[in-house]
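Novice: I have a structure here, written as structure tokens, and I will follow up with some questions on it.
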Amino acid sequence: QVQLVESGGGLVQAGGSLRLSCAASGRTFSSYAMGWFRQAPGKEREFVSVISWSGSTTYYAGSVKGRFTISRDNAKNTVYLQMNSLKPEDTAVYYCAASRELAGAPRAFGSWGQGTQVTVSS
């Protein structure tokens, strides 16, 4: 199991940008697909994006496609989520997660970070 720590959240105005980072510990980071999920109060945790172990395959939720970009740097054991054109509806706690398979369901991810708060004001 890999240990994950998110950072980079904060408060931004609508239309602004943030870059989230997720630092992973362990020597097998490159073996994991990495995903970003978010959870707003009273709502289910939802899929945002996922990237394969090689970085060659990415998927995005329709609500963020064209605005968010997921990337990874295996040499640095880090995955990123660049968020542009932020909307108030993007407000949530954002979590990174690791899976041995490329998937979009939260149950497929066995390791989770503690989350970082993103708040977008209108």
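Novice: What's the ranking of 50-57, 78-85 by average number of surrounding C-beta atoms within 10 Å, highest first?
Specialist: Ranked by mean Cβ neighbours within 10 Å, highest first: 78-85, 50-57.
Novice: Here's a follow-up. Heads up, I need the accessible area for Leu11: 1.4 angstrom probe, whole protein in place, Å², nearest 10.
Specialist: Around 130 Å² of this residue is reachable by solvent.
Novice: Next question. Could you give the accessible area per residue of the chain, probe 1.4 Å, as a whole number in Å²? All intermediate terms of the calculation are to be shown ahead of the outcome.
Specialist: Numbers: 6170 Å² over 122 residues.
That works out to 51 Å² per residue.
Novice: If each residue of separation counts as 0.36 nm, what is the full-extension length gain between Lys43 and Ser122 once their alpha-carbon separation is subtracted?
Specialist: So the chain would gain 26.4 nm between Lys43 and Ser122.
Novice: With springs only between Cα atoms under 10 Å, which of Pro88, Pro41, Pro106 fluctuates most in a Gaussian network model of the chain?
Specialist: Pro41
Novice: Any idea how far apart Ser31 and Arg19 come out in nm if each label point goes 7 Å out from Cα toward Cβ?
Specialist: Taking the two extended label points, one gets 2.9 nm.
Novice: While we're here: Mind checking which of Gly113, Tyr95, Thr57 is farthest towards the positive end of the chain's charge dipole, using Cβ charges of +1 (Lys, Arg) and -1 (Asp, Glu) about the Cα centre?
Specialist: After comparing all options, I get Thr57.
Novice: Shifting gears a bit: How large a share of the accessible area of the range 13-108, in percent, is made up of carbon and sulfur atoms when the probe is 1.4 Å and the other protein chains stay in place?
Specialist: Carbon plus sulfur share of accessible area: 47 percent.
Novice: Within the chain, which is the longest segment that contains none of the GluC sites (Glu not before Pro) sitting in a DSSP loop with at most 12 other Cβ atoms within 10 Å?
Specialist: In the chain, the maximal stretch lacking such sites is 45-100.
Novice: I would also like to ask the following. Run a plain Debye calculation on the range 1-56 (Cα atoms as equal point scatterers, no solvent) and give log10 I(q)/I(0) at q = 0.18, 0.24, 0.27, 0.31 Å⁻¹, rounded to two decimals, same order as the q list.
Specialist: -0.80, -1.16, -1.24, -1.29
Novice: Further, regarding this structure: About the Cα centre of the chain, what is the dipole size in debye to 20, counting +1 per Lys and Arg Cβ and -1 per Asp and Glu Cβ, all else neutral?
Specialist: Once rounded to the nearest 20, the dipole reads 120 debye.
Novice: Counting only DSSP beta bridges with both residues in the chain, tell me the antiparallel percent, nearest 5.
Specialist: Antiparallel: roughly 90 percent of the beta bridges in the chain.
The values are calculated or read from the model by the stated rules, or taken from the named source; none is laboratory data. What you see is a predicted model; the values in this text were computed from it and never measured. Note: ideal-geometry Cβ built from the backbone for every residue, glycine included; neighbour counts use all protein chains shown. The area values use the complete protein model at the heavy-atom level, side chains included, leaving out ligands, DNA and RNA. Shrake-Rupley method; radii C 1.70, N 1.55, O 1.52, S 1.80 Å.
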